[in-house]
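The values are calculated or read from the model by the stated rules, or taken from the named source; none is laboratory data. Computed from a predicted model, the values in this text were never measured in an experiment. Please note: Cβ atoms are built from the backbone with ideal geometry, for glycine as well, and neighbour counts cover all protein chains shown.
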Amino acid sequence: MRKLYIMFALLAALLVAALPAAADSYHFSKIFLSLDIPVDPYQVQITAQNLGQNEGYLSEIGETQESMKKRFEEEGILVWAYDAGKGRTLVVTAVQDDSARLYYDINEQTPETRATYRACHTNGVLYSKTDYAIESCEWKNFGEEQGRFLMVRYTRKIDGKAAWKGEWRRTIRSGYTITVDMRVTGRNITSGDIAALNVIQDSISFVEVSEAPEALLTLAFSAPPPENTDTDTFTIKGVTRPGASVVAAYAALQSSKSKAFYTMADGKGAFSIEVKLPGRDLYNMIVNATVNEGTEAEQSVSQEFSVEYDPTSLPVSFTSPFPDQFTTDSFKLAGTTMTGVTVQLVVNNELQTKKTGNNRTFSFTVDTSAEGEYNISLTFTKKDYDTKIYRYTISRVMEEGQRRQVIREQSVSPDYSAIVNNPARYEGRILRYKGYIGDVRDNGSEWVLTFYTEKAGEKLKNPIIVLSTQQVEADPDTLVTMYGTMTGTYSMLTETGEERFYPRMSLAFID
């Protein structure tokens, strides 16, 4: 009887082991994508619909429900999952970016076009080398249901330091760039992480793929026209549909001269056009690709460029140009010019100077950790050449979640006696204390909170006067964490008329 019981127990265990792990299935009809994410180990699985049910986790990563909602919208996040046991974060996104609009379905493109798209991940076109270190980037065909995905191993850098490491599985389908991103923090990607990513990859299927509207004609450049040049001849290279006729035409603004140059894309869609300019001038240039010319099925696509030709003008090309807005705590400007050029960068009156060597490259790292405006001047000088100056005004605006995280990282928590006995030492510093809000009163222009760092029984001790522009509810029974800037002392009269001075702070926020 005992043997029979053991046999049934083993059989039951085998049956349980044979059952698939429970998983949440996701179906994104907009992009025709289905995938499964196992509940074990991804116990945290966030979508735009359940943000309010995951506020505890959001707080741990420095986000709020509103800030995360904004990230979902801006980054095209479909689902965010977290494996607490292994410290893995899985993020699935779908965005209609320039690449998606250009290629629509990467599986329908030529090998040369796919090679161009792959190269954009490693040559600085899509990602600044300041923000991302791309360690490997290769195509893999995962079969009929999934198609081709780029496998991109990367390190995300913030302030020049590795923030996390990860691997993207990326494709373009139905006009969307779709990315499955596995991230880890504080360590390298392991074979176990890749195995976990493969579990997600194996579950992916595209139930349908929409056709590109009117079999979209594309035009991509591996060597576009230069923004400025000190030579009268340059070569434009790119990829379009095989057999397309390609025209590069210029119109000079000062001399009114114009000319067109013609070629045909080869059987792989590649084309190359040599352009010769008549003289020093500013040129408007257009490159056009056309197929089925003169028929009802005719299609064309074009891109416009501005080219300045000046034999005395320093050629400057940016591989990592200044953005419209700073979003990280540092930014690396990079580019190329001539050998022996002195490059000066002035940011809010702080000067950096470099001279280009034989590789003709230049780069500067700009500290953008402070919120506000950055007035920037970039100057290029060389003997016998005209000085070239670029000016920018760029803002660093932080989301509330980012702002709070910066405050948390910069905060200190000295002993209460230290800020009482030597308040000047901590003037302007961001302080952090756990404690209780004893009372709140309105003095007309601001709210005055009495915050206590200790509680003995019912008695609150060690008061700090905290000034706030917004009302805060008093709750002497709830332990909170208060962040604020030390602003000196606050004078109050005791019941006996004696003047007492207490540490004073300007409130940042309360956790």
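Quick notes on this one:
- Yes/no for Thr93 being buried (at least 16 other Cβ atoms within 10 Å of the Cβ), closer than 17 Å to Glu399 by Cβ and in contact (Cβ under 8 Å) with a residue 24 or more places away in the chain: no
- Answer from Ile204, Ile236 - the residue that is at pLDDT 90 or above, under 25 Å from Val125 (Cα atoms), surrounded by 13 or more Cβ atoms within 10 Å (Cβ to Cβ) and hydrophobic (A, V, I, L, M, F, W, C): Ile236
- Hits in the stretch 404-436 (condition: in contact with a Leu (Cβ under 8 Å, 6 or more places away or on another chain), surrounded by 14 or more Cβ atoms within 10 Å (Cβ to Cβ) and aliphatic (A, V, I, L, M)): Ile419
- All positions within the stretch 7-44 that are closer than 22 Å to Thr177 by Cβ and either of a type in the set (S, T, N, Q) or at pLDDT below 50 (or both): Ser29, Ser34
Condition check ((1) within 26 Å of Gln410 (Cα to Cα); (2) buried (at least 17 other Cβ atoms within 10 Å of the Cβ); (3) among the charged types (D, E, K, R)) across all residues:
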| position | (1), (2), (3) |
| --- | --- |
| Thr450 | yes, yes, no |
| Lys461 | yes, no, yes |
| Val466 | yes, yes, no |
| Gln470 | yes, no, no |
| Tyr483 | yes, yes, no |
| Tyr490 | yes, yes, no |
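- Restricting the stretch 377-388 to residues that are modelled with pLDDT under 95 and part of a strand (DSSP E or B) leaves a set whose member that is farthest from Phe318 (Cα to Cα) is Asp386.
- Listed by position, the strands (runs of 3 or more DSSP E) inside the stretch 190-286 whose residues that are of a type in the set (Val, Ile, Thr) and under 37 Å from the mean Cα position of the chain (by Cα) number at least 3 are 233-239.
- Residue tally, condition farther than 21 Å from Arg404 by Cα, touching a residue at least 40 places away in the same chain (Cβ under 8 Å) and not hydroxyl-bearing (Ser, Thr, Tyr), over the stretch 466-505: 4
- Close pairs from the stretch 227-241: first within 26 Å of Arg114 (Cβ to Cβ), partner of a type in the set (Asp, Glu) and at pLDDT 90 or above, Cβ under 6 Å, at least 6 apart: Thr235/Glu274
- Those residues of the stretch 165-187 which are in contact (Cβ under 8 Å) with a residue 60 or more places away in the chain and either hydrophobic (A, V, I, L, M, F, W, C) or assigned to a loop (DSSP other than H, G, I, E, B) (or both), in sequence order: Ile172, Ser174, Gly175, Ile178, Val180, Met182, Val184, Thr185, Gly186, Arg187
- Cross-chain or 6+ apart pairs with Cβ under 7 Å, the stretch 405-433 first and closer than 27 Å to Ser67 by Cα, then assigned to a helix (DSSP H, G or I): Ile430/Ile407; Ile430/Gln410
- Test: residue in the stretch 440-449 that is among the hydroxyl-bearing types (Ser, Thr, Tyr), modelled with pLDDT of 85 or more and either touching a Leu at 6+ places or on another chain (Cβ under 8 Å) or more than 12 Å from Ile510 (Cα to Cα) (or both): no
- Candidates Thr336, Thr327, Thr295: the one that is more than 30 Å from Asp266 (Cβ to Cβ) and either of a type in the set (Ser, Thr, Tyr) or assigned by TED's automatic domain parsing to the domain that holds Ala162 (or both) is Thr327.
- For the stretch 136-154, a residue qualifies if it is at pLDDT below 90 and either among the polar types (S, T, N, Q) or within 15 Å of Val180 (Cβ to Cβ) (or both), and the qualifying residues are Ser136, Glu145.
- Selection of strands (runs of 3 or more DSSP E) fully inside the stretch 35-126 by the criterion of at least 1 residues being assigned by TED's automatic domain parsing to the domain that holds Ile194, touching an Asp or Glu at 6+ places or on another chain (Cβ under 6 Å) and among the acidic types (Asp, Glu) returns nothing.
- Selection from the stretch 128-157 of residues that are surrounded by fewer than 15 Cβ atoms within 10 Å (Cβ to Cβ) and not in a loop (DSSP other than H, G, I, E, B): Ala133, Glu135, Ser136, Glu138, Lys140, Asn141
- Candidates Leu378, Leu351: the one that is surrounded by fewer than 14 Cβ atoms within 10 Å (Cβ to Cβ), without any contact (Cβ under 8 Å) to a residue 60 or more places away in the chain and among the aliphatic types (A, V, I, L, M) is Leu351.
- Output for the stretch 275-297, where each listed residue is of a type outside the set (A, V, I, L, M, F, W, C) and closer than 19 Å to Ala220 by Cβ: Asn288, Thr290
- Selection status of Ala289, touching a Ser or Thr at 6+ places or on another chain (Cβ under 6 Å) and of a type outside the set (Val, Ile, Thr): yes
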